[in-house]
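Data block below; observations after.
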Amino acid sequence: MSHSELDARRLLCPLPVIRAEQRIAGLAPGDTLDILCTDPGARYDIPAWCRMHGHEIVATAQDENGELRVTVRVGAAS
């Protein structure tokens, strides 16, 4: 299983989700993707997108500057 990182900082909705979907298309089920973003809406959009597409949120962290890091495990339905 591999681990990748997507830098979606400074991108506004819906671009973080679109970029995540593009990146996950090249990953295998069970792989993980760290998504780095600064769009405040991403804290809602990414989990909703994961639920709709069968991916799992493994971890979420936000730093003092508002940068969000979401770790997603790719589901079988990707």
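Read the figures in this text as sums done on the coordinates, not as results from a lab. Nothing here was measured: the structure is a model prediction, and the numbers come from that model. Please note: Cβ atoms are built from the backbone with ideal geometry, for glycine as well, and neighbour counts cover all protein chains shown.
Residues in region 10-30 that are in a loop (DSSP other than H, G, I, E, B) and either within 18 Å of residue 67 (Cβ to Cβ) or touching a helix residue (DSSP H, G or I) at 6+ places or on another chain (Cβ under 8 Å) (or both): 5 in all. The number of residues in region 61-78 being over 20 Å from residue 9 (Cβ atoms) and exposed (fewer than 11 other Cβ atoms within 10 Å of the Cβ) comes to 2.
Looking only at residues in region 35-60 that are of a type in the set (Gly, Ala, Ser) and assigned to a helix (DSSP H, G or I), which one is surrounded by the most Cβ atoms within 10 Å (Cβ to Cβ)? That would be 42. Within region 59-75, residues that are farther than 14 Å from residue 41 by Cβ sit with their Cβ atoms under 8 Å from residues that are part of a loop (DSSP other than H, G, I, E, B) and small (Gly, Ala, Ser), at 6+ positions apart or across chains, in these pairs: 73/30; 74/28; 74/30; 75/54.
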